[in-house]
1. Provide, as a two-decimal number, the C-alpha radius of gyration of segment 296-451 over 2.2 N^0.38 Å, N being how many residues it has.
2. Round to the nearest 10 and report in Å² the accessible area of E155, as given by a 1.4 Å probe over the protein chains' heavy atoms.
3. Could you please tell me the mean projected area of the C-alpha convex hull for the chain, averaged over all directions and given in square nanometres to one decimal?
4. Given labels modelled 7 Å from the Cα in the Cβ direction, how far is it in nm from D401 to T280?
5. Can you give the angle from 0 to 90° between the axis of helix 153-166 and the longest principal axis of the chain, with both taken from C-alpha atoms, to the nearest 10?
6. Hey, with R₀ at 56 Å, roughly what FRET efficiency would D232 and Y472 work out to, going by the Cβ-Cβ distance, to 0.05?
7. To the nearest 500 deg cm²/dmol, what mean residue ellipticity at 222 nm is calculated for the chain from DSSP H runs of n ≥ 4 alone, each contributing -39,500 (n - 2.57), summed and divided by the residues?
8. Which whole-number percent gives the relative contact order of segment 266-371, counting Cα pairs below 8 Å spaced six or more residues apart?
Amino acid sequence: MKKKTMAAVMASLMAASSLSSALACTGTIVGSDWTTDGSTIVARTEDISANHAKNFIVHPRTHYKAGELFRDVTTGFTYPQPETAYKYTSVPDTDIQDDGYYGEIGFNEYGVSVDATVSASANEKAQAADPYVEDGFREADMVDVILPRVKSAKEGVNLVAQIVQEKGAAEGNILTIADKEEVWYIEIYTGHRFAAYKVPDNVMAVYPNCFLLGEVDLNDNENYMASSDLIDFAKSIGIYQEHNGKFHAALSYGNPVSGGNRDRLWEGQTQLGHAVDYDTPVFDLFFQPDDAADKVSVKDVMELQRYRNEDGTAPEQVTTTIGTERTAEAHIVQFKDAYPAELGGLLWMTMGNPEHSVYLPSFGNITDTADAYQVEAIDYDADSAYWKFRGLSTLAELNRDWYGAGVREYWDAYENKLIAEQEQTDKTVIEKMAQGKGVGAAYTTELAETIANDAMSKADLMYSELMSFMAYEGSGKKHAEAFAPSVLAEFEQAEQSADTQTDSAAQAQTAE
């Protein structure tokens, strides 16, 4: 079948699987006090379209001549290129000429990560008084402007502050800038107003497409960074609001929390162990689980990003879920104390709908990615990593029980194996890093490519098997059982073998 023909088929399938048109990116932060392994987690879903191809690439360290500029081809925003631009990774849109780069998530060679962004908008009064700037700083530019220029998370926040003040912002946004020492949560409200907060280790946060930051203490330079007139400006234009007797930035500059944003706030906090009233008038951005023993694993965050109210616990009025078939990619970053600073952190990323795709790990210091991640294919292309995973998830989504359950079961087992191996992988990577940055980077690059290529070969196999399964039923026949990929037998056999060994060991111990 020609690629154009297959692209048309895939487009119609994706349209059939789409349930809603609302954009619904959701960010998550879990402080190290609340994770099972003591890591700090920063995560986000990029929910925009089921037909939105992505790449995963490494930008090498680059030297620029004086006067060269970064340029947003869509808006005209420009910013001086540094003399030396640091190496960094990103997950850009395939069609960068359509609406900019949208690097989304990445690490630079100094271990700094930018996760950009969760879109949000200021209220009408705030926008009228300080309008967005047409050729200002926007989501599409952030990863590619910040990461080549900073050596720490705080430097990154300072750079954002400088750009918003000098060039202005083209839109409202929420982003994080992090390294192994600090995570900064940033809200850009209007053309020239923003606030940032250094997130402590003892809290969690789930944030949809709305501003939520409460108190901003302009006298606390250690934990806050904000426009110097953030409070006075709010008072001068009549938007100033307090909560519990203190200035509340989101209530002042943002819009009321409603609809899909309220849905996902309730879902996120509830799923992470904090009971909250769906109709609460003011959601706290930061919270803690109700049970002090209720720790969160990286797998828990993966499942949060897949959440579609399958347990039936959501209130009747909930219509938007964190998990959605529109997700272009989703990612989770882990920062661990044992990691050398230049390693950055561990990125778990899935292309396409997380429910029927798989989170694959790679470290922040990689120097290249698997070839399939670099294939630029706006339309369906069997050689593209994005389309390998998206194609499979699109078929699975057409009937989540009959087609999708087997796909999800296999990827679940695949993920669990990777997670179980990660502790040993971390030790090996740290040993390699001790032998030299080059040795460590060569190892992590080869490791990430090996894992990705293996997962893609499994995706290709399941796609062909599921397509055949569907074609058989399309002829008017019916299978006796739901789709189960052949590779699932590998994990079932391994599980049976492990159970047999456990039983044998128990019998031997009893005999003694």
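The values are calculated or read from the model by the stated rules, or taken from the named source; none is laboratory data. On a predicted model such as this, the values are computed, not experimentally measured, just so you know. Heads up, the Cβs are rebuilt from the backbone with ideal geometry, glycines too, and the neighbour counts pull from every protein chain shown. Just so you know, the surface numbers come from the protein's heavy atoms only, side chains and all, with ligands and any DNA or RNA stripped out. Shrake-Rupley method; radii C 1.70, N 1.55, O 1.52, S 1.80 Å.
1. Working: Rg = 17.1 Å, N = 156, 2.2 N^0.38 = 15.0 Å.
For segment 296-451, the normalised Cα radius of gyration comes out at 1.14.
2. 80
3. Spelled out: convex hull of the Cα atoms, projected over all directions, averaged, 27.5 nm².
4. Between D401 and T280, the label points sit 3.4 nm apart.
5. That works out to roughly 50 degrees.
6. About 0.25, to the nearest 0.05.
7. -11500 deg cm²/dmol
8. Computed over segment 266-371, the figure is 19 percent.
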